[in-house]
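Asker: Take a look at the following structure, please.
The values are calculated or read from the model by the stated rules, or taken from the named source; none is laboratory data. Everything numeric here is computed off the predicted structure, so don't read it as measured data. Quick reminder, even Gly has a Cβ in these numbers, built from the backbone with ideal geometry, and neighbours come from all protein chains shown.
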Amino acid sequence: MKTILVTGAAGYIGRHVVKNALDRGYRVIAADFNFKGVDERAEFCDVPLFGGDADLYRKLGSPDVCIHLAWRDGFRHNSAAHMKDLSSHVTFLNTLIDGGLKDLSVMGTMHEVGYWEGAVDENTPCNPMSMYGIAKNALRQQLLLYTQNKDVHLHWLRAYYIYGDDARGSSIFAKLYQAAEDGKTTFPFTTGKNLYDFIHVDDLAQMIMKASIQGEVDGIINVCTGKPMSLADKIESYIKEKNMNIRLEYGAFPDRPYDSPGIWGDAAKIEAIMGNGAK
């Protein structure tokens with residue numbers, strides 16, 4: 001039975017990945033600084049990840065697979081934490097690789113790409129336009145170079161627009177959910193015309209797990225549906241699905257300058273992985 005280390009285990013995505021891994025029968029080491037909401041079948045580990053300990057791989061249980069989800073301020077795209085923490089992520093992941101880790105998955109983001117219209121694949125040029133995107137892009141470049149001649153499978157899992165479990169999230173879906181819970185009947189909104197690649201967090205966790213435990217497809221892997229949909233259509237369907245008594249105020253907020261009219265992932269790699277029957 002493989003041992004899987006999940007960092008950021010108590011985070012929005014982490015809780016779902018931990019549960020998915022446990023449901024598959026894996027031994028899971030959940031690493032974070034608190035464990036609220038984390039499946040209690042996991043082994044909780046609060047060993048500091050960013051302390052520079054050269055023996056960290058062993059102290060973290062010598063896992064077969066590491067799924068690195070830990071990241072500060074993921075929904076604050078220009079937080080100073082992104083660049084401040086970058087070297088800590090590099091040191092941590094390089095230390096695990098040097099310690100003997102054979103399978104590493106790291107959470108990426110469409111914000112590495114910056115302004116792009118259309119489908120994104122592993123060859124799409126990246127010109128990030130936020131501190132979050134710049135930091136993730138730099139981490140990916142460093143890891144691809146560092147693992148080039150090493151015996152390790154690197155899966156850079158590039159996510160797009162995530163929703164679901166919205167009482168715990170920070171996306172527009174979470175904000176809409178909270179507004180409805182607060183009894184509000186209107187919700188300020190953009191034009192909603194932008195096309196995105198939406199994925200439910202449970203489906204994302206499934207993709208992350210299946211991509212992480214296989215070794216045939218490495219490098220940049222889009223964890224996505226590959227099916228663009230306008231933000232307005234998705235939000236309107238969400239309101240209807242949840243039976244919310246709330247109306248969108250279109251045009252109340254401007255679109256962000258780095259949001260393209262349409263960006264989505266090329267799902268060819270993840271579809272091949274999901275179709276291969278790996279457990």
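Asker: Collect the residues in segment 187-212 that are in contact (Cβ under 8 Å) with a residue 40 or more places away in the chain and in contact with a Phe, Trp or Tyr (Cβ under 8 Å, 6 or more places away or on another chain), keeping them in residue-number order.
Answerer: Pro188, Phe189, Thr190, Thr191, Gly192, Leu195, Tyr196, Asp197, Ile199, Val201
Asker: One residue is enough: does segment 58-76 have a residue meeting the conditions under 30 Å from Asp197 (Cα atoms) and polar (S, T, N, Q)?
Answerer: Within segment 58-76, none of the residues are under 30 Å from Asp197 (Cα atoms) and polar (S, T, N, Q).
Asker: Can you find even one residue in segment 101-110 that is hydrophobic (A, V, I, L, M, F, W, C), under 20 Å from the mean Cα position of the chain (by Cα), farther than 13 Å from Ile263 by Cβ and at pLDDT below 95?
Answerer: No: segment 101-110 contains no residue that is hydrophobic (A, V, I, L, M, F, W, C), under 20 Å from the mean Cα position of the chain (by Cα), farther than 13 Å from Ile263 by Cβ and at pLDDT below 95.
Each row is one residue, and each column tells you yes or no for (1) touching a strand residue (DSSP E or B) at 6+ places or on another chain (Cβ under 8 Å); (2) closer than 18 Å to Gly108 by Cβ; (3) touching a residue at least 12 places away in the same chain (Cβ under 8 Å).
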| site | (1), (2), (3) |
| --- | --- |
| Tyr57 | no, no, yes |
| Gly61 | yes, no, yes |
| Cys66 | yes, yes, yes |
| Ala70 | yes, yes, yes |
| Arg76 | no, yes, yes |
| Ala81 | no, yes, no |
| Leu96 | yes, yes, yes |
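Asker: What is the one condition in (1) free of Cβ contacts under 8 Å to residues at least 40 places away in the same chain; (2) closer than 14 Å to Leu176 by Cβ; (3) in contact with a strand residue (DSSP E or B) (Cβ under 7 Å, 6 or more places away or on another chain); (4) of a type outside the set (Val, Ile, Thr) that Ser237 does not satisfy?
Answerer: (3)
Asker: Also, quick follow-up: Identify the residue in segment 1-29 that is touching a helix residue (DSSP H, G or I) at 6+ places or on another chain (Cβ under 7 Å) and of a type in the set (Val, Ile, Thr) and, among all such residues, is surrounded by the fewest Cβ atoms within 10 Å (Cβ to Cβ).
Answerer: My answer is Ile13.
Asker: Now a separate question. May I ask you to list the residues in segment 219-237 that are crowded, with 19+ Cβ neighbours inside 10 Å and closer than 25 Å to Leu104 by Cα?
Answerer: Scanning segment 219-237 gives Ile220, Ile221, Asn222, Val223, Cys224, Thr225.
Asker: Need pairs with beta-carbon distance below 6 Å; first residue free of Cβ contacts under 8 Å to residues at least 24 places away in the same chain and in the same structural domain as Trp156 (by TED's automatic domain parsing) and within segment 116-130, second in a strand (DSSP E or B) and not aliphatic (A, V, I, L, M); sequence gap 6+ or separate chains.
Answerer: Asn127/Gly114; Pro128/Gly114
Asker: Can you tell me which of Arg168, Arg158 is surrounded by 13 or more Cβ atoms within 10 Å (Cβ to Cβ), part of a strand (DSSP E or B) and basic (Lys, Arg)?
Answerer: Just one listed residue meets the conditions, Arg158.
Asker: Continuing with the same structure: Going by the conditions given, is Asn194 closer than 30 Å to Ala9 by Cβ and touching a Gly at 6+ places or on another chain (Cβ under 8 Å)?
Answerer: Against the criterion (closer than 30 Å to Ala9 by Cβ and touching a Gly at 6+ places or on another chain (Cβ under 8 Å)), Asn194 does not qualify.
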